């Protein structure tokens, strides 16, 4: 009996180790794909959306394969993401240039005001970008709904946004100081972001994630609208069904 329990414990440990290695391998694959897809610059948005979608689906809910899921999400969101990416880049350049030129005029009070305004604007842009492309990759929303939710998340969740900013700064510093960490930092940072953002989204959107759908499929209720194992496969290949709410936080 003792040998059996010991063997079971060893099997569980080995199984946990294999799962860890699989997750680590998926992170490397996703990080490499993300870096490659960001090279053209105007595809950064599509890469952001695909990375978040894949991290949420593959790494967190153990559904699908990293490469295929990232590829499909990148293709699906490419057209919608390019205009938004270009607008974000234009705004960054505009506020960055304003901050740079005004900073070199220390004796000008108005220039100092412009510096502060530009820095705050860049900070808000970072918050908006993090949420916008996460929403794009995670949910089937109209353009107006996505923009509305981005504004709400940007201005109403300041503490969470500060944590997201800390993760971004730490990841960027780590990648710049130790370039080999680029093989894992993007996916790891996105995973940490998802731990925060996945708690925020349900406050504004009513939806069922993959884990909930799987549980309902295993234990179907008497409700005819409850997903079953027959239609679950179709749900797994789609973004979550959602309803935007007007709930204020």
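The values are calculated or read from the model by the stated rules, or taken from the named source; none is laboratory data. As the structure is a prediction and not an experimental result, all values here were calculated from the model. Quick reminder, even Gly has a Cβ in these numbers, built from the backbone with ideal geometry, and neighbours come from all protein chains shown.
Going by the conditions given, is residue 82 in a helix (DSSP H, G or I), under 23 Å from residue 183 (Cα atoms) and in contact with a helix residue (DSSP H, G or I) (Cβ under 8 Å, 6 or more places away or on another chain)?
Working: in a helix (DSSP H, G or I): yes; under 23 Å from residue 183 (Cα atoms): no; in contact with a helix residue (DSSP H, G or I) (Cβ under 8 Å, 6 or more places away or on another chain): yes.
So residue 82 fails the test.
Determine whether residue 97 is over 21 Å from residue 134 (Cβ atoms) and either in a helix (DSSP H, G or I) or in contact (Cβ under 8 Å) with a residue 24 or more places away in the chain (or both). Let's see the steps before the verdict.
Values: over 21 Å from residue 134 (Cβ atoms): yes; either in a helix (DSSP H, G or I) or in contact (Cβ under 8 Å) with a residue 24 or more places away in the chain (or both): yes.
Considered against the rule, which asks whether it is over 21 Å from residue 134 (Cβ atoms) and either in a helix (DSSP H, G or I) or in contact (Cβ under 8 Å) with a residue 24 or more places away in the chain (or both), residue 97 comes out as yes.
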>> Restricting to segment 161-219, and then to whatever is outside any helix (DSSP H, G or I) and more than 22 Å from residue 26 (Cα to Cα), can you tell me which residue is modelled with the lowest pLDDT?
In response: 219
> Quick one: residue 73 ticks every box in (1) touching a residue at least 24 places away in the same chain (Cβ under 8 Å); (2) surrounded by fewer than 20 Cβ atoms within 10 Å (Cβ to Cβ) bar one, so which box is it?
Replying inline: (2)
>> Restricting to segment 178-194, and then to whatever is free of Cβ contacts under 8 Å to residues at least 24 places away in the same chain and over 16 Å from residue 37 (Cβ atoms), can you tell me which residue is surrounded by the most Cβ atoms within 10 Å (Cβ to Cβ)?
In response: 181
> Just for segment 138-151: of the residues that are under 15 Å from the mean Cα position of the chain (by Cα) and modelled with pLDDT of 95 or more, which one is nearest to residue 81 (Cα to Cα)?
Replying inline: 146
